[in-house]
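The values are calculated or read from the model by the stated rules, or taken from the named source; none is laboratory data. Since the model is a prediction, treat every value here as computed from it, not as a measurement. Methodologically, a virtual Cβ is constructed for each residue, glycine included, from the backbone with ideal geometry; neighbour enumeration extends over all protein chains shown.
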Amino acid sequence: MTLTFEIGFHGPFRVATGRAGDGSDSVIDREVPLPASSIKGVMRSAARDLLKLPAPLVEAVFGAAWQPSPWSWSDATLSGAGDVAGLEPLRVRARARIQISDVTHTAVDGALAVGEEILAHRATFTVRRNGPVPAADLPRHEAVLTASARAVTALGGDRRRGLGWVSITPLHPAWTAASADHLTDLLHGSEESS
């Protein structure tokens, strides 16, 4: 079973490598600008913190320290910035941040940071089952994956500072009224939570 999702970007985003280079304090991996681990992390966080799904269910879908996830995420495949057909290459640009002193109202020494960010129009990724999931649990897992993807509104670094605003749409299978009903059942505990 494979689920396919589309990310619509509402502005630039940054998933930095943790290294400096090319005049920037943080650079982006040009080959894998949006890795699977980042996508899985924000989906897990949405399931746990936004949707408030039961911990055993979140761990069954996303894995835990003692139990790997039965699902694997792909890296996102990005399309160009500003071009609906996705023909324009990705654009990477630098963004500077500076800290201003509350006392002097001037820049704090050493508090200028320059980081790269990406402008993209959309991206796609997949979540593929690669481990055992009992047949009776598949609809529950699918509901958690699609709902948590839809609940993500930002990804990458500085998402609390205005970068990385997104919408994630399930393409296959599509989100339906039945999906919403299934999630409501999970949230109200009318189904098993693990």
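Side notes on the structure shown:
- Leading residue by the ranking (modelled with the lowest pLDDT) among those in the range 27-39 that are surrounded by fewer than 20 Cβ atoms within 10 Å (Cβ to Cβ) and within 30 Å of residue 58 (Cβ to Cβ): 29
- Residue within the range 90-112 that is modelled with pLDDT of 80 or more, surrounded by 13 or more Cβ atoms within 10 Å (Cβ to Cβ) and at negative phi present: yes
- Complete set of residues in the range 127-144 that are touching a residue at least 60 places away in the same chain (Cβ under 8 Å) and surrounded by fewer than 19 Cβ atoms within 10 Å (Cβ to Cβ): 128, 129, 130, 131, 132, 133, 137, 138
- Count of the range 168-182 residues which are within 14 Å of residue 4 (Cα to Cα) and among the hydroxyl-bearing types (Ser, Thr, Tyr): 1
- For residue 85, the criteria (1) farther than 17 Å from residue 118 by Cβ; (2) modelled with pLDDT of 80 or more hold in every case but one, which is (2).
- Residue 152 being under 22 Å from the mean Cα position of the chain (by Cα) and modelled with pLDDT of 90 or more: yes
- Of the residues making up the range 115-147, those that are assigned to a helix (DSSP H, G or I) and closer than 13 Å to residue 171 by Cα are 142, 145, 146, 147.
- Within the range 164-194, the set of residues being within 22 Å of residue 12 (Cα to Cα) and modelled with pLDDT under 75 is empty.
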